[in-house]
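The structure appears below as structure tokens.
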Amino acid sequence: QHAMKTETITSFEILDKIVQTGAVGTRVLVHHHDDTTTTTKATDIFVKQINASQFSGKTFTEMRRYLLYARTEVRFYGDILPHLYDQKILNADAGDSIMAPRCYYASLNLDGLMDDEEHVLDSPNDEKKDLVMKEEDLAGKGGILVLESIGAKESCRAKQDENDGRGSKYFQDSPLTLSQSSQCLSAVAKLHAAAWQDETLLQNVEERLSKGAHHLRMRNPKELEDIVDTWDNFMSDFLQQEAPDLCKLASIQNLGKRIYNIAEYISDELSPAPNDAYATIAHGDYKAMNVFLPLQKEEDAIIIDYASTGVGLGMSDVAMHIAHAITPQDLENGGEELLIQNYLDAFEKALKSKPKNGEVTSKNNDIPYPKEVAMRHYRLASIDYFRFVLGRFWKGASREGFDKRKKNRNTTLVNRNVEAAIVFIRKVDRYLPEFEAEFERHQNKAEEIIN
């Protein structure tokens, strides 16, 4: 009832339920009417509940991770998204929210568990980090999001009324075709354009939201600490059988050490401050299954799951999306370049629609996002995502494991398609020398200053 303050709810029906670690999502068909009529309408909503009590018996550190994700998403919908709509790129007219589901209600209560000012990158208090949580300390704590169910967009309402609001005009899939991926990239380009170099907004995002799910500072430090051994084992136990000729290359044999040596530099280059050139809001987990694609191509794709959203570079989303969702066959013969160019075209078009006399320039150049800069960011982001995949997923990799995950659409393609993994490895090996040389120059310059 909090979500529909001007309406009287007469009944509701639970249509579906999704149980995840940290949250429970329920799709509900709500029957309601306003005070001016007794005619009942049906609205399809999605209720996401975060109940802290489920972490009873877990350590504070385990609980904190999931509650911070929840806090980021609640804050994004409650605090940040309304400001993005003000840019007129993302429209919220007539209840038809573009780029994100309409939010009816967002609330979070973490009193006594963490301070409101506590940042996602802050280390847990030493006294708390290993503390085992008790049921009585968690009762009543958590949050709730009431969102528009994607199957109930106003633009599709006429046909949905035929089956009481249950109709769906959107779908999810992975891998994607080039056309479908272009729709996804056009959608995220509008998100990036809406926050592009808006220092006031981005400072608020920096303080209140998060970093990307695979950002180095969000990961368990052991992933990087063990990454050389992880690569050596991956190469001997998996890659040697799948691509023996590739393993003969010295650059491939040393890939784990190369990633270890440059990981922090790569991450720093992808972590702009709110007042830096090219800074924007990055979704932070832009996989194919976090986008609902329209059945009618003239409709816009809709982005979900803003739990890892924060200040970043737009190309971090682009690089993850392409590695996560596009087959090697579609990437070859110019397919990858086509997707990047389509993103840049959509981004420039969205920037020109902002209410600033149609002219938006970068801090360094008359072109808002010069292609050579964007491509550098894309190469950096591809290496960074590889570091995450290697450290998080490829320890103990096997052909059997790849085959088992083959049809799991939520799994990154480079962890369920052997050919995609090999193409990804070759790409990163090709991209690394540029930044290894750059990093060496950076180190030499730093030493000169010290001396």
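Which whole number in µm²/s is D for the chain by Stokes-Einstein, with the Kirkwood Rh taken over Cα pairs at 37 °C and 0.692 mPa s?
Numbers: Rh = 23.5 Å.
Roughly 140 µm²/s, to the nearest whole number.
Once backbone amide H atoms are built at 1.01 Å from N, residue 15 has 27, 28, 29 as its partners under 5 Å, excluding neighbours fewer than 5 places away on the same chain.
Over all distinct Cα-Cα pairs of region 271-311, the Kirkwood formula returns a hydrodynamic radius of 11.9 Å.
Is the shape of region 207-349 best called rounded, prolate or oblate, per the rule: a/c under 1.5 gives rounded, else a/b larger than b/c gives prolate, else oblate, with a ≥ b ≥ c the square roots of the Cα gyration tensor eigenvalues? Numbers along the way, then the final one.
On the way: a/c = 2.07, a/b = 1.35, b/c = 1.53.
The shape class here is oblate.
So which aspartates and glutamates pass the test for residue 297, namely a Cα distance under 17 Å, with those fewer than 8 places away in the same chain ruled out? Cross-link targets: 96, 154, 173.
Residues of the chain: accessible area per residue at 1.4 Å, in Å²?
On the way: 21350 Å² over 451 residues.
Averaged over the residues of the chain, the accessible area is 47 Å².
Using the Cβ of residue 46 as centre and a radius below 11 Å, the other residues enclosed give a net charge of +1, where K and R count +1 and D and E count -1.
When only C-alpha pairs under 8 Å and at least 6 residues apart count, what is the relative contact order of the chain, in percent?
On the way: 767 pairs, mean separation 76.8, N = 451.
Normalised by residue count, the contact order of the chain is 17 percent.
Comparing 204, 243, 80 along the charge dipole axis of the chain, the residue lying farthest to the positive side is 243, per the Cβ-charge model. Comparing Cα centroids, region 36-87 and region 367-396 end up 29 angstrom apart. Using a cut-off of 22 Å between Cα atoms, the listed pairs 41/169; 287/427; 190/406; 222/257; 257/395 include 190/406 as exceeding that distance.
Dipole magnitude for the chain: about 920 debye, using +1 per Lys or Arg Cβ and -1 per Asp or Glu Cβ, origin at the Cα centre. Once backbone amide H atoms are built at 1.01 Å from N, residue 105 has 146 as its partners under 5 Å, excluding neighbours fewer than 5 places away on the same chain.
Listed by chain and number, the aspartates and glutamates placed with their C-alpha closer than 12 angstrom to that of residue 349 are 359; residues fewer than eight positions away on the same chain are left out. Each helix, a run of at least 4 DSSP H residues, gives -39500 (n - 2.57); summed and divided by the residues of the chain, these come to -12500 deg cm²/dmol at 222 nm.
At a 1.4 Å probe radius, carbon and sulfur cover how many percent of the accessible area of the chain? If you can, show how the numbers build up before the last one.
Working: 9810 of 21350 Å².
In the chain, the share of accessible area belonging to carbon and sulfur is 46 percent.
A protection proxy built from the mean count of other Cβ atoms within 10 Å ranks the segments 306-317, 190-201, most packed first, as 306-317, 190-201. Sorted on the mean count of surrounding Cβ atoms within 10 Å across their residues, most packed first, peptides 292-298, 173-179 read 173-179, 292-298. Screening the chain for whole DSSP H helices with an alpha carbon extent of at least 30 angstrom along the helix axis and a mean Kyte-Doolittle hydropathy of at least -0.5 yields 371-393, 418-450. Taken over the alpha carbons of region 412-451 as equal point scatterers, the Debye sum produces base-10 log I(q)/I(0) values at 0.14, 0.22, 0.32, 0.36 Å⁻¹ of -0.49, -0.69, -0.92, -1.02.
The values are calculated or read from the model by the stated rules, or taken from the named source; none is laboratory data. From a predicted model like this one, the values you see are computed outputs, not experimental measurements. Glycine also receives a Cβ, built like all others from the backbone with ideal geometry; neighbour counts cover every protein chain displayed. To get the accessible areas, we keep the full protein, side chains included, count just its heavy atoms, and leave off ligands, DNA and RNA. Shrake-Rupley method; radii C 1.70, N 1.55, O 1.52, S 1.80 Å.
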